[in-house]
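Input: a single structure, listed below in structure tokens.
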Amino acid sequence: MTRIRFGLALASQLLASLFSQVTIAQEGTASSGSLLEEITVTAQRRTEKLQDVPLAITAVTDAQLSQLNITEAIGIAPLIPNALTFNNTGLGTANGYYIRGLGNTESIATFDPPVATYIDDIFVSRQNANNFGLFDVERIEILRGPQGTLFGRNTTGGAVIIRLRKPSPEFGGYMEAGFGQFGRFRMRGTVDLPISDRVLSKLSFYSVKDDGYVWNPVTNEDGINDRKSIGVHGDLRFLLSDSATWDLGVEYGKDDGANLLNFSSSGGPQQAPGIATAAIANIAARCPPGVGATSSRFTCTGMRSDQSTLVGRFTGNKQNYPLGNEVKNVALTSNVQLKTGLGEFNFITGYRKLQQDFALDFFNGTPAPFVGFPTGGFVIANEGEHKQISQEIKLVGTLGERITHTSGLFYFKEDNHTDFGDLFFLALGGGTIPFPLILEDRILDNTAKAIAAYSQWDFNLNDRWQLTVGGRWTDEDKEIEFTSNANPALAAPSAVTRVNSANIAATRVGSTNPTTSAGSTAPFIPLSQSTSQFTPRVALKFNTSENTNFYLSATNGFKSGGWNARGTFPGAILPFDPEKAWSYELGTRSTLADGRVLINLTAFFLDVKDLQTPSAINGPTGPTFITQNFADMENKGIEGDIRFQPVDDLELGLTFGFQSAEYTNLDPLIAAQQQACLAALQSGGSTANLCAAGIVDPQGKIAEPVRVPDTVTGLAKYRFHIGDRLTLTPSIVAQHVGANNVGTSGTPISLVGSYTVFNAGIQLANEDAGWTVQANCSNCTNEDQIVSVLAELPYIQDPRRWSINFNYRFGDRR
């Protein structure tokens, strides 16, 4: 509460300062120049002005993305209050989005993300490859809080909506090329090619080659965590009549970005609270850092990126994979729009196929005896194929002059096939002899089906008051099945043969819950789950003037349940229940001083039931992955998004979020675990699987919820005019992230101190000629940011990068 009170005081002081500056600008500066851009959004599935929408929303336009050199979805984090984005452990293609403390660090197919990603109106089910390259994007809309009425599968944390630009009736486009640190070379472009007055087309592409920033002196490889990605997107728009339009899209992408565990060559601050000094010394002695001429980080795995070292360890294709991660993606979309007397209908069809293959060492050669061991310390090899199809019918209409409604039907089906295995090394002989242990080698098949009906009605009671009432009914069914690959090297070949109806009885007998001390019998493990939920929304908006409004809302959402699919024996493949959330918001949206000041403020209270929490423990026989509904959670806070243009060529921005979260209503097993931990600490007994496990910290306290820091971001840019044609625009974005816990059990390595990240750029442009040259740096001060912890090993985000880019616009895009 102290942080929130401080945030309210800060907001009031900022507003007072802004109003005083606005007065100065109006009195002493001509106000006829460029104003802040007015943004339209489709956050309520229809086109509206951003400032009119009674939702917590941030919108970023293509021009802003370009100015700030944001070329991948992960880069939007500093612009969103109370949000963090980061790569999943191991996977550079997967983004973990946390908004108001809700997010997911797991990419296995039995988990659904609480912050969903949409490409236009198509839901993207898998987090494995959601770090999309941004090319020819019109804008990105980030919705904070549950989205339980109008969108896709229903989510508790929010939504990231990427809106692509539609084909233009005029010829035009742009080409962009750039180079940067770590041998990075990037190209992207688009061209509008109208075929006729009634048939429009557009072709867009991007390509990125990055030599990587991690050195491995064990294998003498430079450029680990490199990236090679390509993408092509084609669009056709058929203007069938004045009342009918048909949009078709096809997309292909390939990305091989990894996020392998690595350490700072400079021995940076990320090592101080983390791995014990002796362990770092042992690693450094066997794997000297700082040898690579172009790398700022080092890794110590003996796995190689140019050949497989896993042959004979696993079965199937995955034993042939070298160190790395590769994703291939194909998507098809169709959107038919019909304007009728009832309103505008949309028939939206989406298909997406994702192939992901990887072999990654998540322990980076640690503990020290395993430094340089050819098959790593803890390796997961994965061959996955994921297919989804969705169909939606949406109607936006009006009744009279005061009622607008959005209604629809939604169908979704997903099929996932994952062949994966875990390889772990025990330390025998007093910790000096590595002994390989195959924890698992099996196939996971799981499906999900969902149908939903939704409707939202907006009643303009008069010129000032608007009442919104909506709801969504969703019915979901999920099924799961494991099949053993009968690997003769399995640690316990009979532990998991096939989890299905034939051995459910055996699954129930003698199974243990790894989060408890007594090893209590696990519950019945179902092979299917069914969920039916109704999620309502109510909002009341009051327009105090033409440019200012206040709103009060209550919104419900849920995220369906699943299974802890990384468990290595039947009793650990426990199901978890759906996560449900209510968000209560009070907000104001204001546009002041002839459009020179935009102020969006939101206060929220988030009540989450059956919070789904992924966790992992590094036990004596390897990591134990645990995901359960450990507790409920409450989070409350305030958020602000302010933009200010005191003079024509100067734009300032301030985004802030202050939040305070806590676990409530502990699951009885967690409460019992906590008491057992405290008893073991007092008696001096073993604390294994009791303390520093699940959400119980090493001292027997309940840990803080993960990733709920305060965030403050400042943005400034100024456009200098050079002669009649040239402009020079420097810009800077500084994001301060407060102290937070990035590991569920709150161990010392997980308690990350506050840090500040600076991104900066300078752009030279000739608008008449259509070209710009831009130089940028990201993480300019080379801050080591711990964003995740896996089994007490810290994952840090990318180091400093610089880049230079050239953009040329032609035709109608100039």
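Compute the Cα gyration tensor for the stretch 630-683, then decide on rounded, prolate or oblate, letting a ≥ b ≥ c be the square roots of its eigenvalues: rounded whenever a/c is under 1.5, prolate when a/b is larger than b/c in the other cases, and oblate in all that remain.
prolate
Assuming a viscosity of 1.002 mPa s and a temperature of 20 °C, what translational diffusion coefficient in µm² per second does Stokes-Einstein assign to the stretch 125-200, Rh being the Kirkwood radius over Cα pairs?
136 µm²/s
Which value, in debye to the nearest 20, describes the size of the charge dipole of the chain about its Cα centre when Lys and Arg Cβ atoms bear +1, Asp and Glu Cβ atoms bear -1, and nothing else is charged?
So the magnitude is around 340 debye.
Where a Cα-Cα gap under 22 Å defines reach, which lysines qualify for Lys209, not counting those fewer than 8 residues away within the same chain?
Leaving aside lysines fewer than 8 places away in the same chain, those within reach of Lys209 are Lys228, Lys254, Lys328.
Quickly rank 764-775, 552-563 as a protection proxy: mean count of other C-beta atoms within 10 Å, highest first.
Top to bottom by mean Cβ count within 10 Å: 552-563, 764-775.
If you count, for each residue, the other Cβ atoms within 10 Å and average over each peptide, how do 201-210, 80-89, 399-408 line up from highest to lowest?
80-89, 201-210, 399-408
Once R0 is set to 22 Å, what does the formula 1/(1 + (r/R0)^6) return for the Cβ-Cβ distance between Glu662 and Ser683, expressed as a FRET efficiency to the nearest 0.05?
0.15
Using the alpha-carbon atoms, what tilt in degrees (0 to 90, nearest 10) does helix 277-286 show relative to the longest principal axis of the chain?
So the helix axis and the longest Cα principal axis differ by about 80 degrees.
How much of Asp641 can a 1.4 Å solvent probe reach, expressed as accessible area in Å² and rounded to 10?
About 40 Å², rounded to the nearest 10.
Take the alpha carbon gyration tensor of the stretch 391-473, find the square roots of its eigenvalues, order them as a ≥ b ≥ c, and report rounded if a/c is under 1.5; if not, report prolate when a/b exceeds b/c, else oblate.
prolate
Taking the Cβ of Thr568 as the center, what net charge do the other residues with Cβ under 11 Å away carry, scoring Lys and Arg +1 and Asp and Glu -1?
For residues surrounding Thr568, the net value is -1.
Calculate the spin-label point distance for Phe179 paired with Phe459, positioning each point 7 Å from the Cα along the beta-carbon direction, and give it in nanometres.
6.5 nm
What is the ratio of the Cα radius of gyration of the stretch 318-447 to 2.2 N^0.38 Å, with N the residue count, to two decimals?
For the stretch 318-447, the normalised Cα radius of gyration is 1.76.
On a 0 to 90° scale, report how tilted helix 2-28 is relative to the longest principal axis of the chain, with both axes built from alpha carbons and the result rounded to the nearest 10.
Roughly 30 degrees, rounded to the nearest 10.
What spacing in nm lies between the two simple spin-label points modelled at Thr548 and Arg402, each 7 Å away from Cα in the Cβ direction?
2.6 nm
Place a +1 charge on the Cβ of each Lys and Arg in the stretch 320-366 and a -1 charge on the Cβ of each Asp and Glu, then give the dipole magnitude about the Cα centre in debye, rounded to the nearest 20.
260 debye
Percent of Cα-Cα pairs more than 11 Å apart in the stretch 34-78, please.
Tail of P(r) above 11 Å: 71 percent of Cα pairs.
Using only the alpha-carbon atoms, how far is helix 668-683 inclined from the longest principal axis of the chain? Give it as 0 to 90 degrees, nearest 10.
Its long axis makes an angle of about 50 degrees.
From the mean inverse distance of alpha carbon pairs (Kirkwood) and the Cα radius of gyration, derive Rg over Rh for the chain.
A ratio of 0.96.
Of all alpha-carbon pairs in the stretch 594-675, indicate the percentage at a distance above 23 angstrom.
52 percent
If you count only protein heavy atoms with a 1.4 Å probe, what accessible area per residue comes out for the chain, rounded to a whole Å²?
37 Å²
Just going by the charge dipole of the stretch 754-814, with Lys and Arg at +1 and Asp and Glu at -1 on Cβ, which of Asn779, Thr756, Tyr795 is farthest out on the positive end?
Asn779
Stretched out fully, how many nm does the piece from Ile722 to Leu332 gain, at 0.36 nm a residue minus the Cα gap?
Full extension of this stretch gives 135.8 nm more.
Tell me the carbon and sulfur percent of the accessible area for the chain, rounded to whole percent, probe radius 1.4 Å.
The C+S portion of the solvent-accessible surface of the chain is 58 percent.
The values are calculated or read from the model by the stated rules, or taken from the named source; none is laboratory data. Small disclaimer: the values here were computed from a predicted structure and weren't measured. A quick note on method: Cβ atoms are made from the backbone with ideal geometry, for glycine too, and the neighbour counts reach across all protein chains shown. Just the protein is used for accessible areas: all its heavy atoms, side chains included, with ligands, DNA and RNA removed. Shrake-Rupley method; radii C 1.70, N 1.55, O 1.52, S 1.80 Å.
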